[in-house]
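Step one of this worksheet: look at the structure below.
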Amino acid sequence: MKPLEKIEFFKKKEKLNAILISGVNGVGKTTTIGKISKILKSNGNKVMLAASDTFRAAAIEQLENWANKIDVQITKSSQGSDPASVAYKAIEDALNNNFNQVLIDTAGRLQNKKNLMEEYKKIANVTKKIDPDAPHDVILVLDATSGQNVINQVEEFNKIIPITGLIMTKLDGTAKGGILLAVAKKYKLPIIALGLGEKEDDLQIFEAEKFAEAFTQIN
């Protein structure tokens, strides 16, 4: 798993870096965005959040709470508005105001819902209008308690927009780590971080040796 480390993900970027965060319902995307933002900010990045999960009012509110808590900017619109336009505006504002990290929250979508997946694709396409290389990172958040379903999620999301990194949440019990090994072996995708709990500092940057140690510990 050593080659799958991507510690540079959290380093300070010299130019704008747009990060699309995706995953199915309930994996902890919005909370994970808050935790990522905190690490990015502590490394000297100027961070903007884009509330492109306009499907649920609660998601916009939750992201706003995180933005206030860690003191970063947020671009939002009302519930039901076009998610792609929120992402576009966030990247535009970020470019005009020298931000170097934009994290785009997207609605939890089941990989078998075609219309939601089309909307997800549209968000990615609209970012390209500002920067042809955007989104610069596409992070899929996975829930360690989902078992084999995780493999299917990686497969389907990767078809729509190629994934550049994975974050696995709810890994607070080492027994669940086996599914991460399976995904790593099959897809060889970078592993960005592991979510080990609910608190704002419970996101651990992925280090293969630490993971292997925890995984092979006999309690």
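The values are calculated or read from the model by the stated rules, or taken from the named source; none is laboratory data. Source: prediction; values computed, not measured. Don't worry about glycine lacking a Cβ; one is built from the backbone with ideal geometry, like all the others, and counts go over all protein chains shown.
Considering only residues in region 95-127 that are part of a loop (DSSP other than H, G, I, E, B) and of a type in the set (Lys, Arg), the one that is farthest from the chain's Cα centre (by Cα) turns out to be Lys113. In this structure, is Val72 surrounded by 21 or more Cβ atoms within 10 Å (Cβ to Cβ), modelled with pLDDT under 95 and farther than 21 Å from Pro132 by Cβ? Here the answer is no, as Val72 does not meet what is asked.
For region 129-145, the count of residues that are free of Cβ contacts under 8 Å to residues at least 40 places away in the same chain and in contact with a Leu (Cβ under 7 Å, 6 or more places away or on another chain) is at least one. Screening Ala107 against (1) modelled with pLDDT of 95 or more; (2) surrounded by fewer than 23 Cβ atoms within 10 Å (Cβ to Cβ); (3) closer than 25 Å to Asp143 by Cα leaves a single unmet condition, (1). Considering Ile130, Ile161, Ile179, the condition of being of a type in the set (A, V, I, L, M), over 24 Å from Thr54 (Cα atoms) and at pLDDT below 95 is satisfied by Ile179 alone. I'd like to know if region 13-34 contains one or more residues that are free of Cβ contacts under 8 Å to residues at least 40 places away in the same chain and either crowded, with 23+ Cβ neighbours inside 10 Å or part of a loop (DSSP other than H, G, I, E, B) (or both). The answer is no; no qualifying residue exists.
Condition check ((1) in a strand (DSSP E or B); (2) of a type in the set (Lys, Arg); (3) touching a Cys at 6+ places or on another chain (Cβ under 7 Å); (4) crowded, with 19+ Cβ neighbours inside 10 Å) across all residues:
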position	(1), (2), (3), (4)
Gln153	no, no, no, yes
Glu156	no, no, no, no
Lys159	no, yes, no, no
Leu171	no, no, no, yes
Gly177	no, no, no, no
Val183	no, no, no, yes
Gly197	no, no, no, no
Lys210	no, yes, no, no
Glu213	no, no, no, no
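Residues in region 89-101 that are of a type outside the set (A, V, I, L, M, F, W, C) and either surrounded by fewer than 20 Cβ atoms within 10 Å (Cβ to Cβ) or modelled with pLDDT under 95 (or both): Lys89, Glu92, Asp93, Asn96, Asn97, Asn98, Asn100.
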